[in-house]
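These notes are about the structure you will find just below.
The values are calculated or read from the model by the stated rules, or taken from the named source; none is laboratory data. Predicted model, so just to flag it, every value in this text is computed and none were measured. Reconstructed Cβ throughout: ideal geometry from the backbone, glycine too, with neighbour counts over all protein chains shown.
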Amino acid sequence: MSAGQWPAGTMPALVFTAPGVLSVERVPVPEPAAGEVLVRVAYLGICGTDVHLLDGSSAYVSSGLTHFPIRFGHEWAGEVVAVGPSVPADLVGERVVGEPFLSCGQCLTCRGGHYNLCPDRYELGVRGAVPGAAARYLRIPAANVHVVPAGVESAHALLAEPLVTVLSAFEEAAAQPGEPVAVLGTGTLGLLAVQVAAAMRSPVDVIGIDPEGLKMALRLGARAAWTPQDAPSDAYQVVIEATGSAAIGPVLTRVAGIAGRVLQVGIPGRPVDGVDLAAFVTKGLRLSGVLGGVDLMPRALHLIADGAVSPTALIERVFPVAGAREAFDRMREAGRARPKLVIDLSELQGEEPG
Ligand SMILES: [Zn+2]
Ligand SMILES: [Zn+2]
């Protein structure tokens, strides 16, 4: 294949063929399309969303928006190998990451700038029938990709995708430097939020139940670490909920200070009990849900490039593609200080995952 020529034929892909079943399938290489690029995927990050898709518990599966078989993968990095019509050829050869939201661009929500919430959106590898990045090649609109800065490793750059969500939360909170921040949870989103708050020179405390995760948050700039029971009351102007736990309700409203903003980033699997709505009135709290973000990926890449966010502190291990199954099993294990697992797709040859 010469540089820039769009490949044809079939390619290997990692697919959830049924709940709990991960296999390597041969699928067609996507056809060229105007405005789109073809990326040779190098690395794939896996997160809780992927785990819930694999086991079939994702709300998108139960609501019928997403069906098995699912080609997953929404956190990825790779190299542009070909471009479709009306895309500048100089993108070929660039290392890129990408935003997973594919929106209609026409509806009221899109025209209001909320592309991440378009009711007709696809989320690459997550929502709807657009296949994700768990394949040799990924086709994606050129408008969705961002060039990885020189000096940032591709395996690290894929953290820009969850980092967009965290930046979106801080933006939604209109967080000012110096305002006390509480981060609930020590998964990837929680530990990214700790680092973003520390980079803003805001005092940030972490609240969680995993001792290893709490220790890691302290290493990444948290001022103090608390269990949910011990966390101080009325203490934080910005509360970032990144556990997705349905048991966190009473903690949210208790720790938030006067005129505090509560940002719900985690997605609980069921309605949350014990949210004290009276506290919203008496303390003047505001609650916002955060699903991804808009136009924040360049800033996310910049934070990784300048070292404000440390990918090595978050990535536990890079698995070979034959270890993909093992990576998903590992995701379910508690007590991991480094929450992010990555799969190296460079050897994706059509072999069975282990
Ligand atoms: Zn994710
Ligand atoms: Zn729309």
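What do you reckon, is Ala89 farther than 24 Å from Leu345 by Cα, away from ligand 2 (no atom under 16 Å from the Cβ) and either surrounded by 13 or more Cβ atoms within 10 Å (Cβ to Cβ) or in the same structural domain as Gly323 (by TED's automatic domain parsing) (or both)? When the stated conditions are applied, Ala89 passes them. In a residue-by-residue description of segment 71-85, the property of being surrounded by fewer than 21 Cβ atoms within 10 Å (Cβ to Cβ) and within 16 Å of ligand 2 (Cβ to nearest atom) applies to no position. Return the pair list, or none, for Cβ contacts closer than 9 Å from residues in segment 35-55 that are small (Gly, Ala, Ser) to residues that are within 16 Å of ligand 2 (Cβ to nearest atom), at least 6 apart or on different chains. Filtered contacts from segment 35-55: Gly35/Pro141; Gly35/Ala143. Just need a number here: residues in segment 148-180 that are in contact with a Leu (Cβ under 8 Å, 6 or more places away or on another chain), within 16 Å of ligand 1 (Cβ to nearest atom) and outside any loop (DSSP other than H, G, I, E, B). So the answer is 10. Please verify whether Ala278 is more than 27 Å from the chain's Cα centre (by Cα) and surrounded by fewer than 16 Cβ atoms within 10 Å (Cβ to Cβ), treating the condition exactly as stated. So Ala278 passes the test.
Listed residues Val183, Val148, Val96, Val130; which is of a type outside the set (D, E, K, R), at pLDDT below 95 and touching a strand residue (DSSP E or B) at 6+ places or on another chain (Cβ under 6 Å)?
Testing whether each residue is of a type outside the set (D, E, K, R), at pLDDT below 95 and touching a strand residue (DSSP E or B) at 6+ places or on another chain (Cβ under 6 Å) leaves just Val130.
Residues to consider are Ala247, Ala199, Ala174, Ala222; find the one that is buried (at least 21 other Cβ atoms within 10 Å of the Cβ) and not charged (D, E, K, R). Testing whether each residue is buried (at least 21 other Cβ atoms within 10 Å of the Cβ) and not charged (D, E, K, R) leaves just Ala222.
Please list, ordered by residue number, the strands (runs of 3 or more DSSP E) wholly in segment 1-70 having 3 or more residues that are touching a Gly at 6+ places or on another chain (Cβ under 8 Å) and under 23 Å from Ala82 (Cα atoms). Passing ranges, in order: 36-46.
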